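*Asks:* Here's a structure for you.
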Amino acid sequence: MYETLSLYIDGEFIQGGGRREQDVFNPATNEVIGKLPHATREDLDAALASAQRAYESWRHSSPMERSKVLRRVAELARERAQDIGRNLTLDQGKPIAEAIGEVVSCSEHAEWHAEECRRIYGRVIMPRTPGVRQLVLREPIGVCAAFSPWNFPFNQAIRKIAAAIGAGCTIILKGPEDAPSAVVALARLFHDAGLPKGCLNIVWGVPHEVSDYLIRSPIVRKVSFTGSVAVGKQLAALAGSLMKRCTMELGGHAPVIVCDDADVEKAADMLAPFKFRNAGQVCISPTRFYVQEGAYDKFVARFLSKVEAIKVGAGSDPANRMGPLAQQRRVAQFAGFIDDAHQRGATILAGGKTLGETGNFYAPTVVADMPDDSRLMTEEPFGPVAGMIRFKTVEDAITRANSLPFGLAAYAFTTSTRHATMISNGLEAGMVSINHFGMALAETPFGGIKDSGYGSEGGSETFDAYLTTKFVTQLN
Ligand code: NAD
């Protein structure tokens, strides 16, 4: 049984009532598996009013109370991980082990915020004048509007909700209409964990209509978005014109630099499964593989042998390691990148084609010899492709890695401390991982620079975007 899809407003799960409904598809079969109710204007107004009412008391809740709710959410998430994961595979497509893993690992985000919200401190500044007391207070920013994407539906939503709730804010979240079950499941987790009504509201609809309405509302004080650079810039511009705080987690085009001095085979063994996780629909997925000329042939051969062994098929079959692309439209978009590479004389070393008769399956693809100005090398492909590029010097690789406007994740493999330091200092990225993959942990900040956005989710930075700073000076 797939999740019963609903809105969640003022503590009520709502469906039907003549609301417009959107079909939800299984990307492995393209069959309709559910109907998602869209919020009406009245629903959005009800969500705004509810979030505002709830804020008046939640802002004064003790960190202990917030912490208790978030801890319970983590416990319940672990208990329900199998069911939530199964539904996530049905509507998003990723392999079942990845889906369940997403839920289990993300319960840590609830726990981290449960712990960290007890450490939201102000400070006392010594006065110039006797009798004056100077205090710096951190207060919740208010009602937040958040927009989370379809590639990690549970992960991306829980981070936003946990940060808002832990900071004493309330939140209205529009999840991904293409893969909505995990966000409805999250509403149930918070509901059952005892979160007071109105602190979390979930709405669905035509994305730009919902975001436009919520961001323009004077009730909303903060906007958080995860998605493409183009949409992020639009939302940030609107929020900026209304002087509202934003967190923007946008796209990337992650470089990975493999030096001659790396453990080349180990790097290939690690990078191949990491690249094709979630069919490459990961904003921190490595896409541009800069491999030093002495290591190139060995690395590419080993990488190809690993890629050819990746079993592609429905995520519900545990034997499959890569599922379909999440939406039908993405297959055509993705094929456009490969066509462009073909036309520009690139060599397709693996894949480069759709698979099967039904579903949005695309073969894991490896491409070499692309010109630097090809679409694959300049636009974010957000799919199962690795582009191989030779480089001579580490300085050259860093320059080419930095040549795009993106700045989210970057990776390097080297056994030289000098190269590791040069690369981590030189790369323009919000996150750099060397010789392993260590990003997106609850206790570490996640976020980009340049066109990839601003603000961090996770780590001890997590509440910065949800708190205001108030200075109080008082003469007694
Ligand atoms: P998109 O920006 O159109 O959509 C991403 C999400 O945002 C979807 O869930 C969509 O419903 C929502 N959305 C779209 N327009 C919106 C609007 N005007 N207001 C509010 N929400 C809106 O991108 P896409 O083509 O569906 O997905 C691929 C892109 O998303 C990639 O470029 C990728 O970089 C980006 N993405 C980034 C991250 C990240 O963590 N930085 C995560 C997922 C997706």
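*Asks:* Got a sec? What order do HIS436, HIS60 fall in by accessible area at 1.4 Å, biggest, i.e. largest, first? Could you put the intermediate results ahead of the total?
*Replies:* Values: HIS436 95, HIS60 135 Å².
Descending accessible area places them as HIS60, HIS436.
*Asks:* Moving on to the next point. Grab the DSSP H runs of the chain that are 4 residues or longer, score each as -39,500 (n - 2.57), total them, divide by all residues and round the 222 nm result to the nearest 500 deg cm²/dmol. Write out the running numbers ahead of the final one.
*Replies:* Numbers: 13 runs with 186 residues, N = 476.
One gets -12500 deg cm²/dmol as the mean residue ellipticity at 222 nm.
*Asks:* Within region 382-438, which trypsin sites (Lys or Arg not before Pro) sit in a loop by DSSP and count at most 14 neighbouring Cβ atoms inside 10 Å?
*Replies:* LYS392
*Asks:* May I ask you to list the aspartates and glutamates whose Cα is less than 15 Å away from that of LYS450, ignoring any residue fewer than eight positions away on the same chain?
*Replies:* GLU249, GLU379, GLU380, GLU428
*Asks:* Taking the DSSP beta bridges in the chain as the whole, what percent of them are antiparallel, to the nearest 5?
*Replies:* Here the antiparallel bridges make up roughly 40 percent for the chain.
*Asks:* What helices does the chain hold that run 20 Å or longer along their axis, going by alpha-carbon atoms, with a Kyte-Doolittle average of -1.0 or more, using DSSP H for the helix calls?
*Replies:* Flagged H segments are 41-58, 63-92, 96-116, 153-167, 293-308, 328-343.
*Asks:* Turning to a different aspect of this structure: Enter the Cα centre distance for the pair region 147-166 and region 1-58, rounded to the nearest angstrom.
*Replies:* Centre-to-centre (Cα) distance: 16 Å.
*Asks:* May I ask you to evaluate 6.51 cos²θ - 1.76 cosθ + 1.60, the Karplus curve with θ = phi - 60°, for each residue of region 368-376 and list the ³J(HN,Hα) values in order in whole Hz, giving x for glycine and proline?
*Replies:* Result, rounded to whole Hz: 10, 6, 8, x, 4, 9, 6, 4, 4.
*Asks:* Separate question: Across region 427-443, in residue order, what do the Karplus-derived ³J(HN,Hα) couplings come to in whole Hz, using 6.51 cos²θ - 1.76 cosθ + 1.60 with θ = phi - 60° and x for Gly and Pro?
*Replies:* Here the 3J(HN,Hα) series is 6, 8, 8, x, 9, 10, 10, 10, 6, 6, 10, x, 9, 6, 7, 4, 8 Hz.
*Asks:* Something else now. Indicate, rounded to the nearest 5 percent, the antiparallel portion of the DSSP beta bridges found entirely in region 254-441. Mind showing how you got there, number by number?
*Replies:* Details: 4 of 26 bridges.
For region 254-441, the DSSP antiparallel bridge percentage is about 15.
*Asks:* Also, quick follow-up: With a 1.4 Å probe and all protein chains kept in place, how much accessible area does SER148 have, in Å² rounded to the nearest 10?
*Replies:* Approximately 10 Å² of SER148 is accessible to the 1.4 Å probe.
*Asks:* Kindly work out what percent of the DSSP beta bridges joining two residues of region 335-476 are antiparallel, to the nearest 5.
*Replies:* 40
*Asks:* With a 1.4 Å probe and all protein chains kept in place, how do PHE13, PHE299, PHE225, PHE471 rank by accessible area, largest first?
*Replies:* Greatest to least solvent exposure: PHE471, PHE13, PHE225, PHE299.
*Asks:* With just the Cα atoms defining each centre, how far is region 102-145 from region 418-452? Give it in Å.
*Replies:* 25
*Asks:* OK, next. DSSP loop trypsin sites (Lys or Arg not before Pro) in region 89-151 with at most 16 other Cβ atoms within 10 Å of their Cβ, which ones?
*Replies:* Here the trypsin sites (Lys or Arg not before Pro) that fit, given the DSSP loop and packing criteria, are ARG128.
*Asks:* May I ask which residue of ALA46, LEU5, SER211 lies farthest towards the positive end of the charge dipole of the chain, with charges of +1 (Lys, Arg) and -1 (Asp, Glu) on Cβ and the Cα centre as origin?
*Replies:* Of the listed residues, the answer is ALA46.
*Asks:* Would you please give the FRET efficiency between GLU395 and LYS197, computed as 1/(1 + (r/R0)^6) with r the Cβ-Cβ distance and R0 = 45 Å, to the nearest 0.05?
*Replies:* 0.20
*Asks:* Can you bin the chain into rounded, prolate or oblate? Criterion: square roots of the alpha carbon gyration tensor eigenvalues sorted a ≥ b ≥ c, rounded for a/c under 1.5, prolate for a/b above b/c, oblate for the rest. Spell out each step's value before the answer.
*Replies:* On the way: a/c = 2.03, a/b = 1.34, b/c = 1.51.
Taking the square roots of the gyration eigenvalues as a ≥ b ≥ c, the chain is oblate.
*Asks:* Please give me, ordered by residue number, the chymotrypsin sites (Phe, Trp or Tyr not before Pro) of region 388-450 that lie in loop per DSSP and have at most 16 other Cβ atoms within 10 Å.
*Replies:* PHE437
*Asks:* Which aspartates and glutamates, on any chain, are close to LYS298 with Cα under 19 Å apart, when same-chain ones fewer than 8 places away are left out?
*Replies:* ASP260, ASP261, ASP263, GLU265, ASP269, GLU308, ASP369
*Asks:* Past 19 Å, Cα to Cα, is the threshold; run LYS244/LYS470; LYS160/LYS244; LYS266/LYS311; LYS275/LYS311; LYS94/LYS311 against it and keep the listed order.
*Replies:* Numbers: LYS244/LYS470 17 Å; LYS160/LYS244 16 Å; LYS266/LYS311 21 Å; LYS275/LYS311 14 Å; LYS94/LYS311 13 Å.
Pairs exceeding 19 Å: LYS266/LYS311.
*Asks:* Sorting CYS246, CYS169 by accessible area (1.4 Å probe), largest first, what list results?
*Replies:* CYS246, CYS169
*Asks:* Another question about this same structure. Give the carbon-plus-sulfur fraction of the accessible surface of the chain in %, rounded to a whole number; probe 1.4 Å, heavy atoms of protein chains only.
*Replies:* 52
*Asks:* Shape call for region 385-441 from the C-alpha gyration tensor, a ≥ b ≥ c root eigenvalues: rounded (a/c under 1.5), prolate (a/b greater than b/c) or oblate?
*Replies:* Verdict is rounded for region 385-441.
The values are calculated or read from the model by the stated rules, or taken from the named source; none is laboratory data. Since this is a predicted model, take the numbers as computed values, not measurements. For neighbour counting, all protein chains shown are included, and Cβ atoms are generated from backbone atoms with ideal geometry for every residue, glycine included. Quick note on the areas: whole protein, heavy atoms, side chains included, nothing else; ligands and nucleic acids left out. Shrake-Rupley method; radii C 1.70, N 1.55, O 1.52, S 1.80 Å.
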